[in-house]
Amino acid sequence: MRRTSSSVLGLAFLAGSLGYLFGPEGLGAQEGRDFLFGRPNATLTLNLGYGLPRAGSDLFQEIDTLLTLGKGDYRAPVLGGSVAIFLNERVDLALDFSFSRSESWSEYVDWVEEVGGAEV
């Protein structure tokens, strides 16, 4: 059974390769202009998302044991974008940026406060 499936896969690969190499040229790419109004000189992209860090490293584990924080406290919205300038047909100069910030209130787990000489 294994030999049959490998020979069928090999035959399919051979047929696809021959069709690609010796097929009509029009199937490889569409002819005509690439863009409706002409080729753009630059692109601007905006992204909006939500960051879900794993927070599984030793640093996060130590912070979670010292403070009243959990893995869900590091989640935050992410805003970003990119600007790309086309230098030629095959080269773009791109700048990509993103920003995310998470704020959570926390306390020390072993916090001891003295009020009037007594520990609370």
Worksheet item: If A55 satisfies every condition in (1) of a type in the set (A, V, I, L, M, F, W, C); (2) modelled with pLDDT of 85 or more; (3) under 24 Å from F99 (Cα atoms) but one, which is the exception?
Response: (2)
Worksheet entry | Answer residue from segment 61-109, given it is of a type outside the set (A, V, I, L, M, F, W, C) and touching a helix residue (DSSP H, G or I) at 6+ places or on another chain (Cβ under 8 Å) and is most open to solvent (accessible area, probe 1.4 Å) among those | Y108
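Let me confirm something: among G23, G49, G32, which residue is modelled with pLDDT under 85 and surrounded by 10 or more Cβ atoms within 10 Å (Cβ to Cβ)?
On the way: G49 fails: modelled with pLDDT under 85; G32 fails: surrounded by 10 or more Cβ atoms within 10 Å (Cβ to Cβ).
Only one candidate passes the filter, namely G23.
The values are calculated or read from the model by the stated rules, or taken from the named source; none is laboratory data. Since the structure is predicted, the reported quantities are computational estimates derived from the model, not experimental observations. Neighbour counts are summed over all protein chains in view; Cβ atoms, including those assigned to glycine, are modelled from backbone coordinates with ideal geometry. Side chains included, ligands, DNA and RNA excluded: accessible areas come from the protein's heavy atoms. Shrake-Rupley method; radii C 1.70, N 1.55, O 1.52, S 1.80 Å.
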